[in-house]
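The values are calculated or read from the model by the stated rules, or taken from the named source; none is laboratory data. Just so you know, these numbers come straight off a predicted model, no measurement behind them. Cβ placement follows ideal geometry from the backbone for every residue including glycine, while neighbour counts extend to all protein chains displayed.
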Amino acid sequence: MKKHTSFTAPSFFSPLDIATAFYVVVSGIYLCFGVSRLEDMLPHFLSRIGLLILIVCIVYFNKKHPSKYMGLLRSTYPVLLLSFFYTETGYLKNIIFHNNLDDYFVHAEQWLWGCQPSLKFSQAMSQKWFNEFMNICYFSYYPLILAICVIFYFDNKPYSHKSIFTIVFSFYLYYMFYDLVPVVGPQFHFNTLYTDEAPPYYVGKFMRYILTNLEKPTGAFPSSHVGIALIISVISFKHLKKYFYYSLLFVFGICFATVYLKAHYLIDVIGAIVTVPLMMGISAYVYNKLSTTFNNEVI
């Protein structure tokens, strides 16, 4: 008698699609709890509908017209949305705690170190070349994330899906924490953006423009800059070792630059280092669960 084997068709959505849609929906539900405090909520709800439609469209066109570049878009589109999600945490952060919690962090810094490292560091190392180097390291964070995801897709595709998922899902975890625990960081708490001496060189001036005109008071603890940079280092060391060594200087510099530029308290950096194994562990667990449950195919 012929033995029948069971077969489950691959899911239409990948773990990354599902996780991104989940974040859009969950943050939308959380938005509802701020109905008595938040203004102009309609654009945020409409943007979520638009994002869900966008996810479906990208997946659909990738299925109908598969190609290397459509696959790349599908693998990296959540990275392109991270800036929007990050900015939105500034809108959502005071739903539970109506006031920011920076005073507690300032007191903790003073108790632990006897000073405010975010203020003392830049005073102690005020050399123009060092200021520029710190700004270069801080700025490198943004292209580093996109670059490593693209490199993974082309150079190590078997590991690219889980690696990109780990990076993006870790962002989602950090952002959800920022919504719950509002800490805006030294640059906004001490209002240093308009009192510090202007950076001397090009990258520093460009970063000052970004921080002054585009950055919003949002989550600082733990530092996603440091956390994600370290996660990228761990993943690169395992699966893209030749690129790991190129990025190591910038990742190391990011850990210092976040404090030097007053984007974070030193406690934020330590908190990020502590959370890296947790973020990677949760991301790996969720990825494996989604892959098993939905029998996902490789994009």
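Could you tell me whether the range 47-59 includes any residue that is over 30 Å from Phe152 (Cβ atoms) and part of a helix (DSSP H, G or I)?
Yes, the range 47-59 contains at least one residue that is over 30 Å from Phe152 (Cβ atoms) and part of a helix (DSSP H, G or I).
Say whether the condition of being in contact with a Leu (Cβ under 9 Å, 6 or more places away or on another chain) and at pLDDT below 85 is met by at least one residue in the range 229-238.
no
Exactly one of (1) modelled with pLDDT under 90; (2) farther than 17 Å from Leu73 by Cα is unmet by Tyr178. Its number?
(1)
Determine which single condition Ser140 fails, assuming it passes every other condition in (1) at pLDDT below 90; (2) more than 27 Å from Val25 (Cα to Cα); (3) over 14 Å from the mean Cα position of the chain (by Cα).
Evaluating Ser140 over (1) at pLDDT below 90; (2) more than 27 Å from Val25 (Cα to Cα); (3) over 14 Å from the mean Cα position of the chain (by Cα) leaves (3) as the failure.
Please specify each residue of the range 60-98 satisfying the condition of being surrounded by fewer than 16 Cβ atoms within 10 Å (Cβ to Cβ), closer than 19 Å to Asp179 by Cβ and either touching a His at 6+ places or on another chain (Cβ under 8 Å) or free of Cβ contacts under 8 Å to residues at least 60 places away in the same chain (or both).
Ser83, Phe84
Exactly one condition in (1) farther than 22 Å from Phe190 by Cα; (2) surrounded by 12 or more Cβ atoms within 10 Å (Cβ to Cβ) is not met by Cys57; state its number.
(2)
Determine whether Val168 is crowded, with 20+ Cβ neighbours inside 10 Å, in a helix (DSSP H, G or I) and touching a residue at least 12 places away in the same chain (Cβ under 8 Å).
yes
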